[in-house]
Structure formats: structure tokens, C-alpha cells
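Only the coordinates and a few stated rules stand behind these numbers; no lab work does. This structure is a prediction, so every number in the text was calculated from the model and none was measured. As a convention, Cβ positions derive from the backbone with ideal geometry for all residues, glycine included, and neighbour counts pool all protein chains shown.
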Amino acid sequence: MPKVLIVAEHSGGRLNQSTARCVSCALQIEGNGADVVVLGQDCAAPAAEAATLRGVARVLSVQRPENAAPLAAVLAPQIAALAAGYSHVLGPSTTFGKDLMPRVAALLGAGQVSDLMSVEGPRRFKRPVYAGNAIVTVEVPDSLPVVATVRTASFKPAGAGGAAAVEAATPGAELPGHTRFVEQRGGGGGARPDLQTARLVVSGGRGVGSEANFALLYQFAARIGAAVGASRAAVDAGYVPNDMQVGQTGKIIAPELYMAFGISGAIQHLTGIKDAGLIVAINKDPEAPIFQVADVGLVGDLFTVIPALERALA
Amino acid sequence: MQCHTGARNVQKIMVCLKRVVDYNVRIRLKPDNSGVVTDGVKMSINPFDEIALEEALRLRERGVAAEVLVVGIGPADCQQQLRTGLAMGADRAILVEHDDEVLPLTAARVFLRLAEREQPGLVLLGKQAIDDDCNQTGQMLAALWGRPQATFASKLEIEAGVAVVTREVDAGLEVISVDLPAVVTTDLRLNEPRYVKLPDIMKAKKKPLETLTLAGLGVAPAGGLRTVAWEAPQARQKGAMVTDVDALVATLRDKGFFN
């Protein structure tokens, strides 16, 4: 019978929502529930939060000073040691999980299923390749543990209502001293809703034209309570910081509403939004590829459309 | 951060180059759904690996490193991409010939053997390849090698046996410091790779390109993941166009937003 271990992501004392999405994925592999491991210096709060998720059987809390920052080289040997009792080890396909899980897989002598988007069987999964231009079904043999990163946009977060036990765990692993955390610099989000979990997302591309012009999007987003994203072109041009990038190499998101302003719609961008509920595109160029996938399109100048939208929604 | 010219920090940098379908090619599935069409399709160096090579060349040019070695795994045709790497400025190349699919864990095991043989002070490669989008090989190599990893690098500074790496993460930027040798995987904004000039292509033909085999290195292809089916993604349907903001707002309200 499968036994699933989920590696929790957390920061600032809060569990990241990606963990609840991994729980939903795990329940499709083994319906009776999954264990969650939380590693940190002082991670009692996120561990308690994980214990409330419906579908979590047990929470393992690994607290030690070395786990203060999520360094893959430090966390991986501890997770690999804990993995011995499990058939599946899942982490989120966020930068945290993408960094960490392949290191865990290699320590276990296993491959990894990256960006797991659907469960076809306990050892059979679908995942996107070529920036989402093709989908492959992969199978992991019984002889190896399944190590996977879960494409969070493909799974709804597990709800509350669980009451799992939290147990302290002390995996026996030698931790390297060759990797040190220096600092974390916040991104461009400010007080806005988190891009990866927001219901509404307003996004800008090269058509926005400048860093200063992005103020128009920030103001509109604040008005409607939306997070702000951007295309790679806007990030490369220096209009906004990297953590706002949506797409193949940025964030993969699934908001209920995605409003794209001045984004042409390269396939690498579209792969980041294909699970959005409703895609609205505003672009001056009627030939922009984004109109081929948008649910609602408006050919127009974003600098007149946004103020008009604000007035209409006021 | 200053660099100590003359006192090199890294003797050798190993850069891993993967041959992939070119970034600009429109990907098509084969009619029998056995994979994507690669016959007659333009192949290139994985763009993230090209950024890795550019960074290695700049480190050598700044006197931080002495030698840049490019390595690849795949069929004999991969020589083309390694030659391009040599034309960009790498000093020599190694191709590990293998005609079948190369899983990231297999690639990591091959690169481990090459790292043991070549003893690089730094291994640079792209954070992911744009074909399988796995984002695994660098981390797996670091694990097998027992060395640090710094993934998704957007800035790399090297001094006194230590690399200080700025990483692009979901929350913004993270800075870590790792002892060398280390594996660094490169993100998009680390640099802009140079263009290859014709005389450099001529010069590259004379640079050494060694050919090895998986078996010769004592590496067996990793078992594990087996791809059993290919399919086209579910396409989103093209929706309706509206002609003005009022119609857009009406549509949004009709869909349940802003009511």
C-alpha cells in the first residue's frame, strides 16, 4: 500500500498554501491520508497548521538550528533519512521544492517526477514538457520510491478539519557546513495579495512600457484586491522584480480571474496561466497571440482601458 | 566584490550543455504520438546552459578561472552544440556518446564521473532544459558529489574559495554562500550570452573535442521513470472579443466578478 510523505513549505511561521495542494495530490495516490514533515528552527506554528489539514495523518516536526533557512543541502539528507518508511515523497513545484526535491531523489537513488499535474495511478502520473506544448504520462517502477514535485496549480488546497498528531522527529543524518544562508530580499509584492494564491491577478507586459507606468497596474490591483504579475519581457526590461514573473520559468498560477495588459502571449507565458478560471486580455495589437487563448479580449490601449475600468468598477 | 587577478580562485569550470529543440521552433507531436517531431528541426544549446557558459567565460576573462570545459551527453550530433560552445570561447569539450534517452539522474551520474576526473572548482549548468523542463540535473549532481548547490542564480561572485550566489526565488531574491567546488544552476537574468563570430567558428574546429561513452565511464543508464504516453495539451478555446470597456465590465459581472 502506498505511504506518502509530504515536505511542507513554510516561512515567517506560516505554512505555505502549496503544502495543502500537495495534500490533495497525495490523497489521490492514497486516500487514507499522508504524513507531512515540517523542518525548521522553530516550526511549531506551521506544524500545528499542517495538522489541521483534512487528509493529513501525522505531522513530523524536525526542529534544529541548522534548519533555520531552507537550504537544500541541509534539508535533503534529513528528508532522505525519513523517506525510508515511505513509498512516495512529495514536495511543491515552487522554487523551494524545485531546489530541494531533486537532491532528495538523488540521495535515494531515484529519479523525480517534476511538475506532477495529474495522478493516473499510484505510480503513473502526467506532467507537462516543452513549456506545456506536450503532456507525457510517466511510470515509476515498484523498485524505487516515487519522488515528485507537485504542480500546485493543478490541485485545489486541502481544506481544514483535520486533527493530526504532531510528533517530534530526529532523523539521523550528517549535515554539511558548506552552505550558508546570507539574506533574503523581499520582492515587489509589498502589501498586495500573494501572486500564487490570489483569486484575482492583474498582469502587465512589455506594453506597459516602463517601471513608472506599472503604477497604473498597482493602483488598479489595489482597487480590486488583486495580486500583480508580469511577463518575462516586463521583468527582463526591468519594469518589475523577478518574483512577479508568470510563466514556464516563473510562477505557474491558477487565479479565478487573470487580466493581462499589454502582454503579447508567448507560449512560455501562457503555460503559466492555462489553469486560470477566466483570462481577460487587453492589447493594442489585434494579432497578439494572447487573444487565441483569452476568454474575453479587448483590442485597446491599456492606458485608457485601465482608468475606464476603474471608473466602471468604482 | 573585487576579483584578485593573477590569484585564480578556480582552476577549471565545467559547463554542461544540453542539445535541445531550438527555443523558436513550434513544437509538434509526431502523428503516432510517440514523441515530438525532431527530424529536420533546428537544434540548439539549451538557452539556460548557454547562460551558464557565458558566465564561465566571463569568469575566465576576469581572471577568476583559468579554463572552461564544456561537456555534453547524447548522440554524435551533439558535437555541433559543443563546437558552438567552443566557438563562444570554451577551451575544450567532452562528449559522452549515448543514443537513447538520458534521464536527469543518468546525466548527473555521468557529470559526477567527469567531475571526479576533471576536478573542476565550479560546475555551471542551466536550471532546466527547455525540452523536458525537469529542473533536476544540477541538484542531483550536487547530491551525488556531496557538494553545495546554488540553484536559479541571477548573480555570482567568487572570492577565496567561496561563491556568493543570488538566487531567484518565489519570495524575491535569496543570497547564499557556498564553499567551492560547488554546482551552480543559472537563471535567465544572470547575463546575456554573446554571439558567435565567424572567425571563432573556424578557430573552434581546431579545439580539442574528446569522445567518451557511458559504459567507458562506468555509468549504467538510470532505471526509473518510463515515459509511456505523449499527448497534446488540452487547448483553451478562443473566447469572445468585446469592443469596449462597458462590454468588458458587463461580461465580467456576468461571469460573477465585481458584483
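Some notes on this structure:
- Within 10 Å of the Cβ of each residue in A:242-251, the mean number of Cβ atoms contributed by other protein chains is 4.
- Fraction of antiparallel bridges per DSSP, the protein assembly as shown only, in percent to nearest 5: 35 percent
- Placing R0 at 51 angstrom, the Cβ-Cβ distance between residue A:194 and residue B:76 gives a FRET efficiency of 0.60 after rounding to 0.05.
- Crossing angle, helix A:302-313 versus chain A [Cα axis fit, 0-90 degrees, rounded to tens]: 80 degrees
- Residue of B:225, B:59, B:212 that the Gaussian network model of chain B assigns the largest fluctuation, springs spanning Cα pairs under 10 Å: B:225
- Computed over the alpha-carbon atoms, the range A:205-252 gives an Rg to Rh ratio of 0.96, Rh here being the Kirkwood radius from the mean inverse distance.
- Look at the dipole of the range B:26-71 built from charges on Cβ: of B:35, B:59, B:46, the Cα furthest out on the positive end belongs to B:35.
- As a rough footprinting exposure proxy, the listed residues A:115, B:49 were ranked by other beta carbons within 10 Å of their own, and the order from fewest upward is A:115, B:49.
- By DSSP, the beta bridges lying fully in the range A:4-168 are antiparallel in about 35 percent of cases.
- The long axis of helix A:95-107 is offset from the longest Cα principal axis of chain A by roughly 30 degrees.
- GNM result for chain A, Cα springs below 10 Å: residue of A:50, A:191, A:163 fluctuating most strongly: A:191
- Inter-chain neighbour count for A:110-121: the average number of beta-carbon atoms from partner chains within 10 Å of each residue's beta-carbon is 4.
- Working from label points 7 Å from Cα in the Cα-to-Cβ sense, the residue A:182 to residue A:210 distance is 3.3 nm.
- Charge tally for residue A:76 (other residues, Cβ to Cβ under 14 Å; Lys, Arg +1; Asp, Glu -1): 0.
- Peptides A:203-209, A:193-199, B:158-164 ranked from most to least packed give A:203-209, A:193-199, B:158-164, packing being the mean of other C-beta atoms within 10 angstrom over each peptide's residues.
- Listing A:218, A:258, A:239, B:23 from fewest to most neighbouring C-beta atoms within 10 Å gives B:23, A:218, A:239, A:258.
- Once both labels are positioned 7 Å from their Cα atoms along Cα-to-Cβ, the gap between residue B:241 and residue A:120 label points is 3.8 nm.
- Rounded FRET efficiency, nearest 0.05, which uses the C-beta distance separating residue B:198 from residue B:34 and R0 of 45 Å: 0.70
- Each Cα pair under 8 Å and six or more residues apart adds its sequence gap; the mean of these over the residue count of chain B is a relative contact order of 22 percent.
- Label-reachable residues, the range A:131-162, where backbone N falls under 16 Å from a point 7 Å from residue B:229's Cα toward its Cβ: A:134-140
- Helix screen, chain B: DSSP H segments with Cα axial length of 15 Å or more and mean Kyte-Doolittle hydropathy at least -1.0 are B:47-61, B:104-118.
- FRET efficiency, residue B:61 to residue B:22 (Cβ-Cβ, R0 25 Å, nearest 0.05): 0.40
- Averaged over the residues of peptide A:89-95, the number of Cβ atoms from other protein chains lying within 10 Å of each residue's Cβ is 2.
- Among B:11, B:80, B:237, the largest mean-square fluctuation in a Gaussian network model of chain B (Cα springs under 10 Å) belongs to B:237.
- Tilt relative to chain A, helix A:214-224 - C-alpha long axis, 0 to 90 degrees, to 10: 70 degrees
- Shape of the range B:10-227, Cα gyration tensor, a/c cut at 1.5: rounded
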